[in-house]
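The values are calculated or read from the model by the stated rules, or taken from the named source; none is laboratory data. Note that the structure is predicted; figures quoted are calculated from it, not measured. A quick note on method: Cβ atoms are made from the backbone with ideal geometry, for glycine too, and the neighbour counts reach across all protein chains shown. Please note that ligands, DNA and RNA were not included when accessible areas were found on the heavy atoms of the full protein model with its side chains. Shrake-Rupley method; radii C 1.70, N 1.55, O 1.52, S 1.80 Å.
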Amino acid sequence: IIKFLNKSNWNNILELGCGTGRLTKLIAKLPNWKRFVAIDLSENLLEIAKMQTKNFPIQYQCKSIDDFSSIEKFDLVFSCEVIQHINPSNILSSLKKIISLSNNKVILVETYDYTKIGTSKDEYFFIHNYEEIFKKLNIKQIKLYQIPLPVSLKLYNKYIKFRKRTPFANQVIFELTL
């Protein structure tokens, strides 16, 4: 993911659903950014993220995507494994909001299995039809990059198969050019 993000220079970065700051810390090491805002719903996770990135001037906010607002648009709007937790009844409006925050580029990293579009792994994990949604939003260009499951998820898959739950599919990077 970081190699992918390193291809461009980003002056203003918005990370949606930063969680514990695992990726925030890596993104913060990208060169030349001037402003970095990271949001998450959990104050506890934000505190962990702040500790992980204490050497970087990142602005943290405890907000949902729908509650976040900014007069300034961002060169990069990034999220990892966030959109898949948005209820299908809200996905179109949430993605409209995300797109409205971007100057040009939105990068979404999601667990995705196109054979299971429209299904739900449980009450908070949904397989959306992203291509259809992006078309409705008139995205200029959509690029899809498949990334293999990390070892940690492969191990987790074995555990959840044992528990008779649905395992994770591969992850993809959606690169949206507005």
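Is it the case, given these coordinates, that Q52 is surrounded by fewer than 20 Cβ atoms within 10 Å (Cβ to Cβ) and in contact with a Gly (Cβ under 6 Å, 6 or more places away or on another chain)?
Working: surrounded by fewer than 20 Cβ atoms within 10 Å (Cβ to Cβ): yes; in contact with a Gly (Cβ under 6 Å, 6 or more places away or on another chain): yes.
Answer is yes for this residue.
Residue-level check: of (1) more than 15 Å from the chain's Cα centre (by Cα); (2) open to solvent by less than 20 Å² (accessible area, probe 1.4 Å); (3) modelled with pLDDT of 95 or more, L76 misses just (1). Restricting the search to strands (runs of 3 or more DSSP E) fully inside region 34-147 and requiring at least 2 residues that are closer than 21 Å to L176 by Cβ gives 35-40, 74-80, 102-111, 141-147.
Look at Y124 and say whether it is more than 14 Å from the chain's Cα centre (by Cα) and either within 19 Å of L23 (Cβ to Cβ) or open to solvent by 60 Å² or more (accessible area, probe 1.4 Å) (or both). Let's see the steps before the verdict.
Details: more than 14 Å from the chain's Cα centre (by Cα): yes; either within 19 Å of L23 (Cβ to Cβ) or open to solvent by 60 Å² or more (accessible area, probe 1.4 Å) (or both): yes.
It is true that Y124 is more than 14 Å from the chain's Cα centre (by Cα) and either within 19 Å of L23 (Cβ to Cβ) or open to solvent by 60 Å² or more (accessible area, probe 1.4 Å) (or both).
Taking the criterion of being open to solvent by 20 Å² or more (accessible area, probe 1.4 Å) and in contact with a Ser or Thr (Cβ under 8 Å, 6 or more places away or on another chain), the residues of region 25-47 that qualify are K25, L41, L45.
I'd like the full set of residues that are of a type in the set (S, T, N, Q) and open to solvent by 40 Å² or more (accessible area, probe 1.4 Å), limited to region 131-163. N138, Q141, Q146, S152, listed by residue number.
For L23, indicate whether it is part of a loop (DSSP other than H, G, I, E, B) and under 23 Å from L178 (Cβ atoms). Break it down into steps so the answer makes sense when it comes.
Numbers: part of a loop (DSSP other than H, G, I, E, B): no; under 23 Å from L178 (Cβ atoms): yes.
The answer is no for L23.
Quick one: in region 131-178, of everything that is modelled with pLDDT of 75 or more and of a type in the set (F, W, Y), which residue is farthest from the chain's Cα centre (by Cα)? For region 131-178, the residue satisfying everything is F162.
The set of residues from region 1-24 being within 17 Å of Q52 (Cα to Cα), touching a strand residue (DSSP E or B) at 6+ places or on another chain (Cβ under 8 Å) and surrounded by fewer than 22 Cβ atoms within 10 Å (Cβ to Cβ) comprises G17, G19.
P88 meets each of the listed conditions (1) surrounded by 14 or more Cβ atoms within 10 Å (Cβ to Cβ); (2) in contact with a His (Cβ under 9 Å, 6 or more places away or on another chain) apart from (1).
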